[in-house]
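Chemist: Below is the structure I would like to discuss, written out as structure tokens.
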Amino acid sequence: MTTAKAAPPGQPLDPLIHEASRLVIVSVLAECDIADFNFLLDTTGLTRGNLSTHMARLVAAGYVQETKEFVDRKPHTDYRLSAAGRAAYKRYREAWRRLTSHS
């Protein structure tokens, strides 16, 4: 697992979060304590493969924690934003506000 870091200088928006699908995922997770794969699938409108790929990137970056288990002999995966993910999303939102403010 890699360690989450702030966006590099000259790049105010974290490129990992800024990608449209991952921004939707992180935004949903920021509003939930925990969300399972099927909830994210329904909420984001992504395909299973697309969601899996984006979740793998977010987990590898340390932004999302993943818990896998079997429920009634079926795989069940839950996701939540890690402390690093919440901090990165907060920085992203602050940077977005700075970039889009007209003051």
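Chemist: Work out the length of the dipole vector of the chain about its Cα centre, built from +1 on the beta-carbon of each Lys and Arg and -1 on the beta-carbon of each Asp and Glu, and round it to the nearest 20 debye.
Modeler: Approximately 360 debye in magnitude.
Chemist: At what distance in angstrom do the alpha carbon centres of region 76-101 and region 14-32 lie from each other?
Modeler: 7 Å
Chemist: While we're here: Take every Cα pair under 8 Å in the chain that's 6+ residues apart, average their separations, divide by the length, and report that relative contact order as a whole percent.
Modeler: 34 percent.
Chemist: Related question: Give the long-range amide H neighbours of ASP36: residues separated by 5 or more places, or on another chain, with amide H under 5 Å away, using H modelled in the peptide plane at 1.01 Å from N.
Modeler: TYR79
Chemist: Pick out, in residue order, every one of the trypsin sites (Lys or Arg not before Pro) in region 29-99 that is DSSP loop and has at most 15 other C-beta atoms within 10 Å; say none if there are none.
Modeler: Hits after loop and neighbour filter: ARG73.
Chemist: Based on DSSP H runs of at least 4 residues, each adding -39500 (n - 2.57), what is the mean residue ellipticity at 222 nm of the chain after dividing by all its residues, to the nearest 500 deg cm²/dmol?
Modeler: Rounded to the nearest 500, it is -16000 deg cm²/dmol.
Each value in this text was obtained by applying a stated rule to the coordinates, not by laboratory testing. Computed from a predicted model, the values in this text were never measured in an experiment. Positions of Cβ are backbone-derived with ideal geometry, glycine not excepted, and every protein chain shown enters the neighbour counts.
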